[in-house]
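The values are calculated or read from the model by the stated rules, or taken from the named source; none is laboratory data. In this text the structure is predicted, and so the values were computed from the model without any measurement. Glycine also receives a Cβ, built like all others from the backbone with ideal geometry; neighbour counts cover every protein chain displayed. Please note that ligands, DNA and RNA were not included when accessible areas were found on the heavy atoms of the full protein model with its side chains. Shrake-Rupley method; radii C 1.70, N 1.55, O 1.52, S 1.80 Å.
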Amino acid sequence: MQDLELFHFHLERAIYILNFQDKKLAECWVTQLHSSMGLQYTESFLTAAVLELSLTNLDTFHWILDNLSGWKPYANLLAEVRRFVLKKLIQKGFIPSQEFSFDAEGKILLHESTKAIVMENTSESDRLLIEKVLVTPAQVLSLTTK
């Protein structure tokens, strides 16, 4: 039970620190935890923190994935989401390079109608994560006209 209580303590602390949206503060704290608790443990509660924040604080959730996506736990999480979406697209019969492709950042480029199919029967937190790995032609156009 002590391990669970310690994990919960670190999860709450991670959420508290990440809510400041201060990259240097978060990096210092995570570096300290890596050395004292180990990499795998730290990655576990950082992943749990982003999932919790997808339900409780969307602003911080988006800030993390926009600013800390280079961190291993978040890069791994987005890679898993990308694999999930690719598997779903292929299972639905979509053909790579014809009905979807990738942009320079590794996001999945697809049409709105295809995106709607991917998003069918998806929970709100999963939907938020999936949005981070998808891009539509309309989104690309809006980025190029800014």
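Per the listing S101, S113, the residue uniquely in a helix (DSSP H, G or I) and among the hydroxyl-bearing types (S, T, Y) is S113.
Beta carbons closer than 6 Å, at least 6 apart along the sequence or on distinct chains, pair a first residue in the range 125-136 that is in contact (Cβ under 8 Å) with a residue 24 or more places away in the chain and over 17 Å from K87 (Cβ atoms) with a second that is buried (at least 18 other Cβ atoms within 10 Å of the Cβ) and hydroxyl-bearing (S, T, Y) for S125/S54; L128/S54. The set of residues in the range 95-126 that are more than 15 Å from the chain's Cα centre (by Cα), farther than 16 Å from P137 by Cα and acidic (D, E) contains only E120. Residues that are open to solvent by less than 70 Å² (accessible area, probe 1.4 Å) and either touching a residue at least 40 places away in the same chain (Cβ under 8 Å) or in contact with a strand residue (DSSP E or B) (Cβ under 7 Å, 6 or more places away or on another chain) (or both) within the range 100-113 comprise F100, S101, D103, K107, I108, L109, L110, listed in sequence order.
Let's see how each residue does on (1) in contact with a Pro (Cβ under 9 Å, 6 or more places away or on another chain); (2) assigned to a helix (DSSP H, G or I); (3) hydroxyl-bearing (S, T, Y):
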{"position": "F20", "(1), (2), (3)": "no, no, no"}
{"position": "E27", "(1), (2), (3)": "no, yes, no"}
{"position": "Q32", "(1), (2), (3)": "no, yes, no"}
{"position": "S36", "(1), (2), (3)": "no, yes, yes"}
{"position": "L53", "(1), (2), (3)": "no, yes, no"}
{"position": "H62", "(1), (2), (3)": "no, yes, no"}
{"position": "D66", "(1), (2), (3)": "no, yes, no"}
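Go through the residues of the range 129-140 one by one and say whether even a single one is surrounded by fewer than 16 Cβ atoms within 10 Å (Cβ to Cβ), among the hydrophobic types (A, V, I, L, M, F, W, C) and either out of contact with any Gly (no Cβ under 7 Å at 6 or more places or on another chain) or not in a helix (DSSP H, G or I) (or both). Yes, the conditions are met somewhere in the range 129-140. For the structure I just gave you, tell me whether F45 is in a loop (DSSP other than H, G, I, E, B) and of a type in the set (F, W, Y). No, not satisfied.
Tally time: how many residues in the range 1-29 are among the β-branched types (V, I, T) and either over 22 Å from L58 (Cβ atoms) or touching a Gly at 6+ places or on another chain (Cβ under 8 Å) (or both)? Total satisfying the criteria: 0.
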